[in-house]
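Enquirer: What follows is a single structure, and I will ask about it in a moment.
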Amino acid sequence: MYKRTITDLGVDKVLALISRYALSPEGEQAVRQSVFLTDESEIVHRQQCIEAIRFLIQSNAPLPQSFCDIREVFAFMTDHKGFALDGEQVFLLAQYLHSAFSLRQFLQCDEKGLVANLMDSFSDELRSFAAEVDFTLQSPGTVKESHPAVAAIIARISQKRSQRTAYSQSYIRQSEHARGSNPVLRDGRLLIPVKVESKNLVEGVIHSVSQAGSTVFIEPYSLVNYNNDVVIAMQDLEIEKARLIARLSALALNLEDEIRKISSQIAQCDWLYSFSRWSIAENCTKAILSKDGSMNLINARHPLIKVSCVPINLYVPPSIKAVVLSGPNAGGKTVTVKTAGLFAVLNQIAGYLPASDGTSLPVYDSVFTDIGDDQSIEAALSTFSGHMNQISFILRKMTPSSLVILDELGSGTDGLEGASIARAVVEHCTANAELTLVTSHHDQLKQYAYASPIVLNASMEFDKRTQKPTFRVVSGVPGQSHALETAESMRLPKSVTDAARSYVGDQNLSVSAMINDLEARRISMKEKEAEIDRIKQALEDRQASVSQLESRLLAKEVALKKAQDRENSSFVSSSRKKLEKLVADLKAGELTKEKTKGVKSFLDELDSEQKELESQTQDLDQQLQALSPSDPGFEIKPGIDVLCGSYKREGSVIRSAGDKKWIVAIGPMKFTFDESQLSIPKRDKRFARNTEIFISTPMPKMTLDVRGMILEDATEAVATQIERCLVHGVGSFSIIHGYGDGILSTGIHRFLRESRSVESFSFARPEDGGQGKTYVSLYLS
């Protein structure tokens, strides 16, 4: 991709924004160096991988840890072949590997296997190395005193020190030349404070004299061996620590190739993870790759515009080869074409865009731009010649699959000549490029677009009531520059604007009148369409109400029939009992064959009547079942609200999945339902409102490092971390505060104890930082 395109569209700034979501420096660098793909299958594969990771992030999968920076360690290993690593470098490698373990564990949660195998399995030697480092070292790379070999030497040092102290105190008590009651420590050796007048009476080595000159610090010859024992033991301790670090360094150097391979895989995986987190934070949708060359941006939001961002809707049919976008100054023309170009690039980098479902773009082989002022004193280029220089480059390099974006085409020179050049350039682009987006104020170019079947006029809407642009794109209608209105809003003297208005030619007035007439017709048609939609909605609501009423009436009828059936059944049962009693009575008397036959015939007639009533009830039940949710009784189409499943959760239909199945969005998640599982919610849709919430709060880091901060700044950082976690639904994180004097850890624990959002907190495991790190769990509603 051309550097000019990256700069003009702000691609580098957007990638820098996305790189903040990376877990590792390698991932951050990979995002900033993202590749513009031109192969459709590669774009689709990236979309699928990002979709899989998005699902994992939004599910209960354990999120991966952030990575420490080991690039300097790699540089040292490259520049100093054969040199041993120090403890800090070894410790960083182990921490890096633990983060790699957590990332692979996260990816392994992908049951579909799209990202589960992006990282190779780790060798036993690698895991053993990380475990041994955890057992031996602590942050920032010093040997743990709890290590068995080190602990034994520390115990010996303690013993030697105790012996030395005991002897020194005994010496002082027994000596009449000593001053004070305790020995003093100088350069790691215990010395006896001796009165200056007695310095020649004590045999030993004089080390120093007090500032006042009244005391001499002497190491008696009898104390030398005790001091030497302590010094030798401490040297043994340093030797043992160095030996342990040297062993770990040798292991790390043997694993260098494997660690470097893991680092390259982490860069790839973290690239996907960064774009996944960004796409969730920005409420992005997976773009559709159009096959026919059409472009359809639905509620497209420029990722760099956070305040008062007006979503852009722009549809370019397959038959259109160029769009001429006109309208008021500062009305959003440049932002619109920049957004379209930026989305084309992002679509072929990741396939996810901050827009609504249904957004589609074709796959371009290149994107060319001429946006901004190319004036250059050094290159002796004026504004116009600078533009012509870049446009000349574009016309030579573009292909039939290129996207070309030209801002303020034909400006900076004579109006008539500039308009003629602009038209000729657009004609050339329509014949040699996939799509050309042009912004312009030239009426000649608007007229050309109006007459050409392959060029589309579009404009930025202007509210005449407020005399301000609305930043909405109006397709099919050219726009006026509204330069005079803009000048008036900038408080130019009225005499100047009145004079300017009188200088506008008749031809310009006729063109303006034509545009005003088209705009008036567009507004009138828009109002009529709104009225038609309102009437249609009212009819649909009425139809749904009538259908519901019919269902209730039929249900009532069935209920009445069932009540009647129960009464008839009761009557039959009662009659049967009476007749059976009659038969019994007849048996008691004289019984004839004719009497018995008559009784049985009566019983058969009653049974037949009961079966007929039951059959009628069954028919009514079948009619009611036909109106049940198994047959919706309404047209399912994208965009309507429905109730889903047995729990009747409300969602919005996205698109058909084929075979009488529909994809429905419930909140941020998408599900597939059978047609029989959908029904209309019981509410008046005329008062429905669609609300979208955009979260600008950054994603929290899983590990917050407050070392080096004062307590006030540290607690403020923790409060901000808790807020970000609650906004993004992250239930836990950790805080690195270090050991120090305990001021940070005590103050932070006090703050966490008083926070209503904190469920629990505790010091980390010994192998993960111990009392220098705190785990925090939050309440998530």
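The values are calculated or read from the model by the stated rules, or taken from the named source; none is laboratory data. Just so you know, these numbers come straight off a predicted model, no measurement behind them. Positions of Cβ are generated from backbone atoms using ideal geometry, with glycine treated the same way; all protein chains shown enter the neighbour counts. Side chains included, ligands, DNA and RNA excluded: accessible areas come from the protein's heavy atoms. Shrake-Rupley method; radii C 1.70, N 1.55, O 1.52, S 1.80 Å.
Enquirer: How do the pairs read when you match residues in segment 144-160 that are of a type in the set (Gly, Ala, Ser) with residues anywhere that are outside any helix (DSSP H, G or I) and open to solvent by 60 Å² or more (accessible area, probe 1.4 Å), using Cβ under 8 Å and keeping only pairs 6 or more apart or on different chains?
Expert: 151/145
Enquirer: I'd like the full set of residues that are assigned to a loop (DSSP other than H, G, I, E, B) and among the hydroxyl-bearing types (Ser, Thr, Tyr), limited to segment 251-308.
Expert: Correct list: 290, 294, 308.
Enquirer: Select from segment 737-762 the residues that are in a strand (DSSP E or B) and out of contact with any His (no Cβ under 9 Å at 6 or more places or on another chain) and write down the one among them that is least open to solvent (accessible area, probe 1.4 Å).
Expert: Among them, the one singled out is 758.
Enquirer: Now a separate question. Where the second residue is of a type in the set (A, V, I, L, M) and the first is without any contact (Cβ under 8 Å) to a residue 24 or more places away in the chain and lies in segment 71-84, which pairs have Cβ atoms under 8 Å and are six or more apart or on separate chains?
Expert: Correct list of pairs: 73/85; 73/92; 73/93; 76/85.
Enquirer: Select, from 727, 718, the only residue that is assigned to a helix (DSSP H, G or I), at pLDDT below 90 and surrounded by 13 or more Cβ atoms within 10 Å (Cβ to Cβ).
Expert: Within the list 727, 718, the selection yields 727.
Enquirer: Is it true that residue 372 is in a loop (DSSP other than H, G, I, E, B), small (Gly, Ala, Ser) and either in contact with an Asp or Glu (Cβ under 8 Å, 6 or more places away or on another chain) or at pLDDT 90 or above (or both)?
Expert: Criteria met by residue 372.
Enquirer: Given the options 675, 712, name the one that is exposed (fewer than 14 other Cβ atoms within 10 Å of the Cβ) and at pLDDT 80 or above.
Expert: That would be 712, the only listed residue that is exposed (fewer than 14 other Cβ atoms within 10 Å of the Cβ) and at pLDDT 80 or above.
Enquirer: Another question, if that's okay. Any residue in segment 750-776 that's basic (Lys, Arg): show its pairings with residues that are outside any helix (DSSP H, G or I) and exposed (fewer than 14 other Cβ atoms within 10 Å of the Cβ) at Cβ separation under 9 Å, as long as the two are six or more apart or on different chains.
Expert: 756/779; 773/765
Enquirer: Check off (1) over 17 Å from residue 474 (Cα atoms); (2) surrounded by 17 or more Cβ atoms within 10 Å (Cβ to Cβ) for residue 292 and give me the number that stays unchecked.
Expert: (2)
Enquirer: Give 205, 209, 196 a once-over and let me know the one that is open to solvent by 80 Å² or more (accessible area, probe 1.4 Å), without any contact (Cβ under 8 Å) to a residue 40 or more places away in the chain and more than 60 Å from the chain's Cα centre (by Cα).
Expert: After applying the criteria, what remains is 209.
Enquirer: Exactly one condition in (1) surrounded by 18 or more Cβ atoms within 10 Å (Cβ to Cβ); (2) without any contact (Cβ under 8 Å) to a residue 40 or more places away in the chain; (3) under 24 Å from residue 766 (Cα atoms) is false for residue 124; which is it?
Expert: For residue 124, the failing item is (1).
Enquirer: Which numbered condition trips up residue 111, out of (1) free of Cβ contacts under 8 Å to residues at least 60 places away in the same chain; (2) buried (at least 18 other Cβ atoms within 10 Å of the Cβ)?
Expert: Against the list (1) free of Cβ contacts under 8 Å to residues at least 60 places away in the same chain; (2) buried (at least 18 other Cβ atoms within 10 Å of the Cβ), residue 111 comes up short only on (2).
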